[in-house]
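The values are calculated or read from the model by the stated rules, or taken from the named source; none is laboratory data. If you're wondering where the values come from, they're calculated on a predicted model, not measured in any experiment. Neighbour counts run over all protein chains shown; Cβ positions are idealised from the backbone, glycine included.
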């Protein structure tokens, strides 16, 4: 059992929020339980065998009788359920069968092995009957089948085969993006189960799962879905490699925004837990340091100090707050101006922070923008191409101009990266501040006489719009 599975087995159900009596799926399941099918009519019409009729009749009784029958006839139970799913087509009956299976598994998770053992003995796929149901039109059938698949995948001794796993995770990911999906909590719950298993985590990454989680979290979703999707990020960060890669998906800025806006304690708790893992789990200490700096850049420290003034009954929150505040304070003390600059660029949230307007910074660090195959320059150029924020476009244009101004081969590099053309396109931007910064950057890209340009820049700064975008004209 993995570290996270060990941890979660000790948590009460309300803490990990896996039981959702109020979800749409559970509400509908309650209604379906009240409408027992007429099994006799199925047998009389020879749609099911006498053997299957006797079995389902025994299972569809009180809990005590059901439990005893399961214990005495495990193989027959699996056979009957799979036969019913194969030979019954009526939606209402399929719904009822799936609820029966889910209830049996929920009551005792070791019962998943009944299905695995039967499938192995008969050289059949335990997954196919349920995965095929994901193609049905009925929303309840589809999502209850998904719930059963998740339990079979996570509670048994056998892992899901790669092809089936890829299909299932892709399906879950796609369901998250369905507009107004009333079953989104059920989809989230399946992912919460699946991502507890370390072997399934990388498969989720390969279907672009993390990007999807972040995309949904950056839109408006209710706090329950927020909690579930952040929970998914949390269990992913128990893998050190994934904890190291996590902020490449812009996780920290998005979670920082949610943390500042959320009034729900459980959402606060799970975000703090993600942040802690992103510092604690990476084996590369430099990555952990970068995560700390990114949190500082995204104003997490301020939010932590606000939270510190509140009283929480949950000891985990207090412990995580103490850990994060200490780590972030230490990172601020070690923070160089270039670290601060690089973190801001990588966050894609550019603003007129002091480092941009420091002539000393550019003299000392312009050449460092060439590091890691021009990583920071590539980000700046990408922002020029994709950002809709006038502030981001203004600052990015300014920085490209300063790089060209202070690095001898800067013009050639920017041209090779496609930055020159993008800056020139911004000369026609609707925002006057963007046009102004683009014009200055173009001047720097074109002019060779820096002494002359320096004097011109000083004059231009006196006429600049009130954007905070003043530029030192000293070469």
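Laid out as a table, the results:
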| item | result |
| --- | --- |
| From the options 94, 114, 141, residue that is touching a helix residue (DSSP H, G or I) at 6+ places or on another chain (Cβ under 6 Å), part of a helix (DSSP H, G or I) and closer than 19 Å to residue 48 by Cα | 94 |
| Selection status of residue 440, over 20 Å from residue 351 (Cβ atoms) and either surrounded by fewer than 20 Cβ atoms within 10 Å (Cβ to Cβ) or touching a residue at least 12 places away in the same chain (Cβ under 8 Å) (or both) | no |
| Those residues of segment 280-302 which are in a loop (DSSP other than H, G, I, E, B) and surrounded by 15 or more Cβ atoms within 10 Å (Cβ to Cβ), in sequence order | 281, 282, 298, 299 |
| Residue that is surrounded by the most Cβ atoms within 10 Å (Cβ to Cβ), among those in segment 346-405 that are on the phi > 0 side of the Ramachandran plot and part of a helix (DSSP H, G or I) | 374 |
| Some residue of segment 281-293 being assigned by TED's automatic domain parsing to the domain that holds residue 252, free of Cβ contacts under 8 Å to residues at least 24 places away in the same chain and over 18 Å from residue 248 (Cβ atoms) | no |
| Meets criteria (within 14 Å of the chain's Cα centre (by Cα) and within 23 Å of residue 349 (Cα to Cα)) for residue 216 | yes |
| Single match in 75, 163, 89, 146 (criterion: farther than 22 Å from residue 175 by Cα and either assigned to a helix (DSSP H, G or I) or in contact (Cβ under 8 Å) with a residue 60 or more places away in the chain (or both)) | 75 |
| Filtered residues of segment 117-138 (kept if surrounded by fewer than 23 Cβ atoms within 10 Å (Cβ to Cβ) and not in a loop (DSSP other than H, G, I, E, B)) | 117, 118, 119, 120, 121, 128, 129, 131, 132, 133, 134, 135 |
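Okay, residues lined up against (1) surrounded by fewer than 16 Cβ atoms within 10 Å (Cβ to Cβ); (2) more than 23 Å from the chain's Cα centre (by Cα):
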site	(1), (2)
304	no, no
307	no, yes
317	no, no
329	yes, yes
336	yes, yes
